[in-house]
2 protein chains.
Amino acid sequence: MHGLMMDKQLSIASIAEFAELQFPDTEIVSVTADNPLHRYTYRDCFRRSRQLADVLTKRGYEPATRIATLAWNDYRHMECYYGISGAGFVCHTVNPRLFPEQLTYIINHADDKLMFVDPMFMPLLEKLKPAITKVETFVVFTDEQSMPASDLPGAISYEAFIADGDPSFVWPEFDEHRASALCYTSGTTGNPKGVLYSHRSTLLHALVGNTGAVLALSPRDVVLPVVPMFHVNAWGMPYAAPMVGTKIVYPGPKMGDGEALYNLMESEGVTMSAGVPTVWLALLAYARGADKTFSTLKRTLVGGAAVPAAVIAEFRDRHGIDVQQGWGMTETSPIGSVNKVLPKFDNLTPDEWLELRTKAGRAVFGVEMKIVNDAGETLPWDGESAGALKVRGPWICSDYFGLAGDSEAHAEPGWFDTGDVATIDPDGYMAITDRTKDVIKSGGEWISSIDLENAAVGHPQVAEAAVIGVAHPKWTERPLLIVVAEGDRPSKDELIEFLSDKVAKWWLPDDVVYIEEIPHTATGKILKTALRKQFADYQLPTV
Amino acid sequence: MHGLMMDKQLSIASIAEFAELQFPDTEIVSVTADNPLHRYTYRDCFRRSRQLADVLTKRGYEPATRIATLAWNDYRHMECYYGISGAGFVCHTVNPRLFPEQLTYIINHADDKLMFVDPMFMPLLEKLKPAITKVETFVVFTDEQSMPASDLPGAISYEAFIADGDPSFVWPEFDEHRASALCYTSGTTGNPKGVLYSHRSTLLHALVGNTGAVLALSPRDVVLPVVPMFHVNAWGMPYAAPMVGTKIVYPGPKMGDGEALYNLMESEGVTMSAGVPTVWLALLAYARGADKTFSTLKRTLVGGAAVPAAVIAEFRDRHGIDVQQGWGMTETSPIGSVNKVLPKFDNLTPDEWLELRTKAGRAVFGVEMKIVNDAGETLPWDGESAGALKVRGPWICSDYFGLAGDSEAHAEPGWFDTGDVATIDPDGYMAITDRTKDVIKSGGEWISSIDLENAAVGHPQVAEAAVIGVAHPKWTERPLLIVVAEGDRPSKDELIEFLSDKVAKWWLPDDVVYIEEIPHTATGKILKTALRKQFADYQLPTV
């Protein structure tokens, strides 16, 4: 027997409708290619989103047709989030930082029919043009006056494109499971894989994001998403903020510019921001150099990579800002865990506190986590046992777009294998210790390559370090430490001695080799697949 | 095309699973019949909920079988919320304050098979016993030692009932639309009507409840729900609090006892509370009389009836506590609107602020509101136009249990007619001005009976006042003021003169009559149906 409650489908357009009605005067401030400080309101944003939706609808696309964006964070990109998804199409956010061959693959694999693009990415697209012939129209995020000359098919300025859109367009209703957005992940191996979000998953994720356990936004907040809108929907902030009337500041192409970000935060009264650790390094460096502090910023959500303790400490000690680490992936929408301090930890020493805050945090409501060993057995939450991190929940991907079940990550029914190795402590704080592919499996136990690398780079003559597992007849694998030296190369014994009080004895590398350069991915991560290939036949002295 | 996200069904049990894992040490403190201050943790609560679910499951009931509770707020009642609904049955909370014939009607109409009952309500049930023969078993909220003698069928203590339940019971998964709970409304006319909640509606309601727009609970809060658990699920707090690890204090039968509530709040560090206005009157009176103030209480949510400005002002001025008015009904789960101050109103004068805070507040995300006139036309949000308030959303009822569409409230497809008359101002603040049935329809315009009554009781010789519409050939209806005097009866002219600067001229009553006593409902509201019957043939002097 069903309950007798209205069968209202969850939809992204419902956020637009609510915010347009309830928070019409809330501001959205953007840095764009054609305006250093564009300013308008939710009223304008969602009226223009409806105009865009009307234009797209009149083009007669099939439901869930993929429509791409290749752009920085600004108001027009936000209009696309609502206009494309709200009209029933899929907003496919493309990451301009990918290699050209990856971009070509993604745009063709998604079968994008139309593409919104920042003017600065037009030269990139013009190069790709012969390979992405299925895109019929390119809409450039600018107005008629600033429209650059282009021979991209159907090239038109965004303002001209939406000009005839009917601002009285009414959002259509449809099944909440309809696909709403698409974002590809780029691993270190194989082709990028597309994660296909739904209206339901997006709305539930945004609702949980607005609880005190996550973003805790309100009409008194001003949020600046430094995480790109092409990167997992800017962690859901463009959906969460309008639900609660939070002012949004979009930095456009000024993402990595510490001074520009600082000035935006001060002039617009930003209270909350979110992004990857490198952003905060740039921001801290600017504030330190210019001897400035933050007058309105109160908290930041940091994710995408482990946050160095020094960053957390400097924000706390110098600026009084709470850095909340989070964990998530494209496949998890992305919010999986957030590091908030439980009241029981209010009296930790500063060092204990810092150790707690460098963990990835506790699972948010809606996300279930478990860690398992090689045999698939669930490991205890003791803060020691490290296992493959698996998650499930209504905003966790069940498959990849166009892969039809052919994914190792979904080998265990109902669970997504994150590819991360993690520990979870008795209070539920999860800490990522490695990637499953990088962990060294020694005698049935796991050795974290990341922990060894972090320890090694503490040596003054080690510029960069990578640790990989090398075949060993007795232990299956043993760690090999690969080093790029700074100045004189320390001896193997000296390095092992240096590590010996930093990791467990049985973790110590069986050998050390020096190389001139460690290979990296497009996003700056160590390319371990290349190292493993290079050292595939390496003979450890312990064999 | 559907998104590729896990098809995890929303469920009440998922709250229990999350809280048991993530907040096992969070406390639940209860006043019960057999313990003045029972204290345990979420770990205990949800283990026992699973034991209860196991016992109920083994009894072999059909899915969605109705299982009733007749009890105050305490931990065993909370275990029923989770144990009954989580096992797939319907938790039917019965209001012990209803008239015996209403109780009989409700229990039979719901077809309750089993009933959980506080010891203090056993005498009441023993009287009803001959009329409620379909209830097979009565489980008494106490332990073996304190179990009273009873000849209710199958009478057993709660502790004995769950003793053999398997604490390793695993919550079953099922369709999120499954009915989860049932609560009857008692109007002033006709039989009570049952509102049937679903797992989906309950979970979405609790999620929105946990955003900053509503309860904004966190692990640093301690919540005391004074609103009964038999009254619209204690406004969702037993579901919302465990999602975010908030400690709960249940006052048991001490609901209306200002001193007991005050002492509980102080000793348990309560930061947030919620209930109807009469509760706060009792609490304020106690604090005033004992010359005490609150050391931890920061905010209260008040609903169920209009909150007098004096209550809001006294909480603010004397105690520094923010009284947030809300609006909702059994049919709306109940949260429809909450009165939070938008930042633009931070600089209001104290009087302007108080005027704002006496409104019912702004619609929360998920609830759409409109006001319509007699012709069904939508009225503007101008703060002046009063119309019938209609709402829709995923936690608004679509029909009544067993009524199969035969409800005037759902005459307009997709909308629920609340029966309230309201204005909505340009900022979205809604204010209830009357009940649709009580408003006086004069010349196509509506006159608020409540506004006239409130104005009339301001006269020192008016003890109580009621205003009803009486037939008028020209205006359709005109207001008749019915007064119970305190001391000498003021003349009609004197009363009209008294009202003339308080309401619009065309609102002034056409006549005044005195009676000895105004009839009331069981819950203390003026019984206007009786007055309308009594004055059905009244001849106004203006006719």
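The values are calculated or read from the model by the stated rules, or taken from the named source; none is laboratory data. From a predicted model like this one, the values you see are computed outputs, not experimental measurements. Positions of Cβ are generated from backbone atoms using ideal geometry, with glycine treated the same way; all protein chains shown enter the neighbour counts. Just the protein is used for accessible areas: all its heavy atoms, side chains included, with ligands, DNA and RNA removed. Shrake-Rupley method; radii C 1.70, N 1.55, O 1.52, S 1.80 Å.
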Exercise for the section: Round to a whole angstrom and tell me the spacing of the C-alpha centers of the stretch B:83-132 and the stretch A:49-74. Expected result: 54 Å
Exercise for the section: Over both sides of the B-A contact, add up the buried accessible area with a 1.4 Å probe and give it to the nearest 100 Å². Expected result: 5400 Å²
Fill in the blank from the handout: Lys and Arg at +1, Asp and Glu at -1: neighbours of B:Gly383 with Cβ under 12 Å from its Cβ sum to -4
Practice task
Express in whole angstrom the spacing between the alpha-carbon centres of the stretch B:210-241 and the stretch B:456-503.
Solution key: 40 Å
Handout entry: Label point distance in nm, B:Asn191-B:Glu497, each placed 7 Å from Cα along Cα→Cβ
Key = 5.4 nm
Problem - Nearest-ten-degree value, helix B:199-209 long axis tilted from longest Cα axis of chain B - result: 60 degrees
Practice task
Mind checking A:166-175 for the average number of partner chain beta-carbons within 10 Å of each residue's beta-carbon?
Solution key: 0
Exercise for the section: Mind listing the label-point distances from B:Pro63 to the same position on all other copies, shortest first, one decimal in nm, points 7 Å along Cα→Cβ? Expected result: 2.5
Handout entry: Debye, to nearest 20: dipole size of the stretch B:118-166, +1 on Lys, Arg Cβ, -1 on Asp, Glu Cβ
Key = 400 debye
Practice task
Sticking with the crude label model, points 7 Å out along Cα→Cβ, report the distance from B:Ser407 to A:Lys533 in nm, one decimal please.
Solution key: 6.5 nm
Problem - Per residue accessible area in Å² of the stretch B:303-382, where ligands, DNA and RNA are left out and the probe is 1.4 Å - result: 40 Å²
Exercise for the section: Beta carbons within 10 angstrom, averaged per residue: use that to sort the peptides A:314-320, A:461-467, A:391-397, highest first. Expected result: A:391-397, A:461-467, A:314-320
Practice task
Take the rotation relating chain A to chain B, measure from its axis to every Cβ in chain A, and name the nearest residue with the distance in whole Å.
Solution key: A:Leu207, 2
Handout entry: Coil-residue GluC sites (Glu not before Pro) of the stretch A:374-438, DSSP, other Cβ within 10 Å capped at 12
Key = A:Glu377, A:Glu384
Exercise for the section: Along Cα-to-Cβ, 7 Å out, sits the label point; list in nm, shortest first, how far the one on B:Glu486 is from those in the other copies. Expected result: 8.2
Handout entry: Total formal charge among the other residues, if their Cβ is under 15 angstrom from that of A:Leu356, Lys/Arg +1 and Asp/Glu -1
Key = -1
Problem - Histogram of C-alpha separations across the stretch A:423-530, 5 Å bin width, % - result: 2, 12, 22, 24, 20, 13, 6, 2, 0
Problem - Ranked by how many other beta carbons lie within 10 Å on average, peptides B:162-171, A:351-360 from highest - result: A:351-360, B:162-171
Practice task
Report the extension gain between A:Ala463 and A:Thr137 in nm, rounded to one decimal, defined as 0.36 nm multiplied by the number of residues separating them, less their alpha carbon distance.
Solution key: 112.7 nm
Practice task
Provide an ascending nm list, one decimal, of label-point separations from A:Asp346 to the equivalent residue in each further copy; define each label point as 7 Å from Cα along Cα→Cβ.
Solution key: 2.6
Exercise for the section: Taking only the C-alpha atoms, wrap a convex hull around the protein assembly as shown and report its volume per residue in Å³ as a whole number. Expected result: 196 Å³
Exercise for the section: Return one number: the angle in degrees, 0 to 90 and rounded to the nearest 10, between the long axis of the Cα atoms of helix B:258-268 and the longest principal axis of the Cα atoms of chain B. Expected result: 50 degrees
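Convex hull over the Cα atoms of chain B, averaged projected area in nm²?
Result: a mean projected hull area of 27.6 nm².
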Practice task
Can you figure out the FRET efficiency of A:Lys437 with B:Asp317, using R₀ = 60 Å and their beta-carbon distance, to the nearest 0.05?
Solution key: 0.40
Practice task
Please give the per residue accessible area of the stretch A:90-234, computed with a probe of 1.4 Å over protein heavy atoms only, in Å².
Solution key: 34 Å²
Exercise for the section: Quick one: which residues, 5 or more positions from A:Leu10 or on another chain, have an amide H under 5 Å from its amide H? H modelled 1.01 Å from N in the peptide plane, none for Pro or chain starts. Expected result: A:Glu176
Exercise for the section: Considering the options B:His38, B:Ala305, A:Ser407, tell which one lies farthest towards the positive end of the dipole of the protein assembly as shown, charges being +1 on Lys and Arg and -1 on Asp and Glu at the Cβ, about the Cα centre. Expected result: A:Ser407
Exercise for the section: May I ask you to derive the relative contact order of chain A, considering only C-alpha pairs under 8 Å and at least 6 residues apart, and to give it as an integer percent? Expected result: 10 percent
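Could you give the dipole magnitude of the protein assembly as shown about its Cα centre, charging the beta-carbon of Lys and Arg +1 and that of Asp and Glu -1, in debye to the nearest 20? Don't skip to the answer; put the middle values down first.
Working: 96 positive and 142 negative charges, 89 e Å.
For this selection, approximately 420 debye.
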Handout entry: Under 24 Å from the Cα of B:Lys533 - lysines, other chains or at least 8 residues apart
Key = B:Lys193, B:Lys437, B:Lys441, B:Lys474, B:Lys492, B:Lys525
Practice task
Quote the charge dipole size of the stretch A:238-334 about the Cα centre in Debye, to the nearest 20; the model charges only the Cβ of Lys and Arg (+1) and of Asp and Glu (-1).
Solution key: 140 debye
Completion exercise
Between the modelled labels at B:Asp164 and A:Ser385 (7 Å from Cα along Cα→Cβ) the distance in nm is 3.3 nm
Handout entry: Set of aspartates and glutamates with alpha-carbon distance to B:Lys113 below 14 Å, sequence-local pairs under 8 removed
Key = B:Glu62, B:Glu136
Exercise for the section: Quick one, can you get me the convex hull of the C-alpha atoms of the stretch B:54-184 expressed as volume per residue in Å³? Expected result: 104 Å³
Completion exercise
Within the stretch B:15-68, DSSP-loop trypsin sites (Lys or Arg not before Pro) with at most 15 other C-beta atoms within 10 Å are B:Arg59
Practice task
Report Rg/Rh for the stretch A:52-114, rounded to two decimals, where Rg is the Cα radius of gyration and Rh the Kirkwood radius.
Solution key: 0.98
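Apply the Kirkwood formula to the stretch A:489-533: the hydrodynamic radius equals the inverse of the mean of 1/r over all pairs of different alpha-carbon atoms; give it in Å with one decimal.
Result for the stretch A:489-533 stands at 12.5 Å.
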Practice task
Using just the alpha carbons, could you tell me how many Å³ per residue the convex hull of the stretch A:2-64 encloses?
Solution key: 142 Å³
Handout entry: Averaged over B:201-209, number of beta-carbon atoms from partner chains that fall within 10 Å
Key = 4
Problem - Spin-label proximity, B:Glu355 to the stretch B:485-518 - amide N less than 19 Å from point 7 Å beyond Cα toward beta carbon - result: B:500-505
Problem - Percent accessible area from carbon and sulfur atoms, the protein assembly as shown, protein chains only, probe 1.4 Å - result: 52 percent
Practice task
Please name which of A:Tyr514, A:Gly387, A:Gln325 has its Cα lying farthest along the dipole of chain A towards the positive end, using unit charges on Cβ (Lys, Arg +1; Asp, Glu -1) and the Cα centre as origin.
Solution key: A:Gln325
Handout entry: In degrees, nearest ten, helix A:100-110 long axis to first principal axis of chain A (Cα)
Key = 60 degrees
Handout entry: Rg [Å, one decimal], Dmax [Å, integer] - the stretch A:310-436, C-alpha atoms
Key = 15.9, 50
Exercise for the section: Positive end of the charge dipole of the protein assembly as shown (Lys, Arg +1 and Asp, Glu -1 on Cβ, about the Cα centre): tell me which of A:Pro63, B:Gly376, A:Asn339 has its Cα farthest that way. Expected result: A:Pro63
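How much FRET efficiency would the formula 1/(1 + (r/R0)^6) give for B:Asn347 and A:Leu37, where r is the Cβ-Cβ distance and R0 is 30 Å, rounded to 0.05?
0.70
Taking beta carbons within 10 Å but only from partner chains, what does the mean come to for residues A:393-405?
Details: counts 4, 8, 4, 3, 4, 7, 3, 1, 3, 1, 1, 0, 0.
Mean partner-chain Cβ count within 10 Å for A:393-405: 3.
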Completion exercise
The lysines whose Cα lies under 26 Å from the Cα of B:Lys292, excluding any fewer than 8 residues away in the same chain, are B:Lys247, B:Lys254
Completion exercise
Between A:Ser267 and B:Glu486, the FRET efficiency computed from the C-beta separation at R0 = 56 Å comes out, to the nearest 0.05, as 0.35
Handout entry: Whole-number D in µm²/s for the stretch B:1-105 (Stokes-Einstein; Kirkwood sum over Cα pairs; 25 °C, 0.890 mPa s)
Key = 159 µm²/s
